[in-house]
1. Under 22 Å from residue A:151 (Cα atoms) and modelled with pLDDT of 85 or more: which single residue out of A:22, A:102, A:106, A:57 fits that description?
2. Quick check on this structure: which one of A:54, A:91 is surrounded by fewer than 21 Cβ atoms within 10 Å (Cβ to Cβ), within 14 Å of chain B (Cβ to nearest Cβ) and either charged (D, E, K, R) or within 21 Å of residue B:21 (Cα to Cα) (or both)?
3. Please specify each residue of the stretch B:242-264 satisfying the condition of being assigned to a loop (DSSP other than H, G, I, E, B) and at pLDDT 80 or above.
4. Can you say whether residue B:209 is surrounded by 19 or more Cβ atoms within 10 Å (Cβ to Cβ), of a type in the set (Lys, Arg), touching a residue at least 12 places away in the same chain (Cβ under 8 Å) and under 20 Å from residue B:138 (Cβ atoms), as far as the supplied structure shows?
5. Take the stretch A:9-33 and flag every residue that is within 14 Å of the chain's Cα centre (by Cα) and not in a loop (DSSP other than H, G, I, E, B).
6. Looking only at residues in the stretch B:16-45 that are assigned to a helix (DSSP H, G or I) and of a type in the set (Val, Ile, Thr), which one is farthest from the other protein chains (Cβ to nearest Cβ)?
7. Does residue B:40 count as among the acidic types (Asp, Glu), surrounded by 10 or more Cβ atoms within 10 Å (Cβ to Cβ) and over 30 Å from residue B:85 (Cα atoms)?
8. Taking only the stretch B:14-26 into account, find how many residues are basic (Lys, Arg) and either surrounded by 10 or more Cβ atoms within 10 Å (Cβ to Cβ) or touching a Lys or Arg at 6+ places or on another chain (Cβ under 6 Å) (or both).
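The values are calculated or read from the model by the stated rules, or taken from the named source; none is laboratory data. Model, not experiment: these values are computed from the prediction. Here the Cβ positions follow ideal geometry from the backbone for every residue, glycine too, while neighbour counts run over all protein chains shown.
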Amino acid sequence: MTYLGIIITFIFINNFILVKFLGLCPFIGVSKNSESAIGMGLSVTFVTATASVICYLSYYMLLVPLKLEYLRTMVFILIIATLVQLIEMVIKKVSPALYKALGIYLPLITTNCAVLGISIINIDESYNLLESFIAGISAGLGFTLAIILMSNIREKLSITPVRKWFKDVPITFISAGLMAMSFMAFDNNLLINLGLTA
Amino acid sequence: MIVFYSFIILLLIGSILGFFLSVAEKKLKISKDSKLIELENAMPGANCGICGFAGCVSYAEAIFNGKAKIGQCAPGGQKVADKCSSIMGLNQEKIQKLKAVVFCNSDLNSTEKEYNYKGLNDCNSMYMLFKGSFSCKEGCLHLGSCINICPENAIFKDSNGRINVNEELCIGCGKCVNICPTHVIKLIPEQQKYYVKCNNHQKGIFVKKECKIGCIGCKICQIKYPDSGFVVNDNLASYSDKSTISENTKKAMENCPQNIIFQI
């Protein structure tokens, strides 16, 4: 698959939230206003990109030589949690401004399944290092796209008259379902039509 | 055997990563000044943003760095200003505490309706349609955008649709002032006890057509009770003198033909 194909796959066809249903916790939790949604999306993008590289390296340099492929889930969780903590500390030290923008969301991502998901998908699809890095970035961008769309919808919903028993989370779930259905329109035919399949 | 092997490996990886993290924590530690911590604790923690900063913590940082003045914190008022100045070792003059007041006494029946509004439950979107559905274009629109934005839930609507501010809960942050499209909510000093509950600047004859209870600018309060503190400007009475509360102020309130002067 070409690089552009990977980007389109992870942003639209296999959008992490709306198609794969990974990382739904921050999707509902942090999408109340668009400002924090953008912050959350960018931090997830940053973490998925770094985590997919680190997990790729640790899988092929540590687990495969030791014949411990079956331990990958646990090892990935350990590595991702450590990585996020480390990133948080480094950002806090190096750039307080960036920490203010992204830092508060980092602890939320520590054990986010979207991050673990992209690392495992990279291995399953047997991507190489560059491909997994691109997959990580575009999965994060797909997450950002979905959460920004959702936050805009929720901002609109908050001033719309909604029945009392649908207010807040129920109406959010309904709109998320409708969004997911609209994203089902993107499938592999898109790649074939664009001529991006190998 | 496999279980034992993987147990050992995981234990090893986990302890290496843990050791690595603890070293990193020591190396990357940031020392915080004790004064800054004290300042952060002195803040009220409402994160209302009236000081012009993102929250209480960033305002404390700005004071610490000398970028902001002490006393911009409306919810904290004099208490927080005194605390901050004692922490920073500065002398601080008195600051004025403000509170929000709705300058309109109308309920849903006191003004004529020009059309039936069926749209978003938001004053600003109603204001876009001919400045609201009520005949008075400077009065309250009764949809309660101020109620929704108030961080302290100090604004409430009574059964007739009249909107009022609970003075005890109001922290003077001014968010309602900014969101109100007709500017009918204003901030007044906390020690001000009287105010004229109307915002209509038109001549009395037009006010009477639009609203049963608006200020008609008759000047009874100004002329009959000269030292009462009420002044009529632009056909609208306002209470200007805040320091003197004389007998006449009370009399002016009782004798207002529209009963539009209120005491807090």
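1. The match here is A:22.
2. A:54
3. Scanning the stretch B:242-264 gives B:256, B:257, B:258, B:259, B:260.
4. No, not satisfied.
5. A:9, A:10, A:11, A:12, A:13, A:24, A:25, A:26, A:27, A:28
6. The qualifying residue farthest from the other protein chains (Cβ to nearest Cβ) is B:37.
7. Spelling it out, it is not the case that residue B:40 is among the acidic types (Asp, Glu), surrounded by 10 or more Cβ atoms within 10 Å (Cβ to Cβ) and over 30 Å from residue B:85 (Cα atoms).
8. Within the stretch B:14-26, residues that are basic (Lys, Arg) and either surrounded by 10 or more Cβ atoms within 10 Å (Cβ to Cβ) or touching a Lys or Arg at 6+ places or on another chain (Cβ under 6 Å) (or both) number 0.
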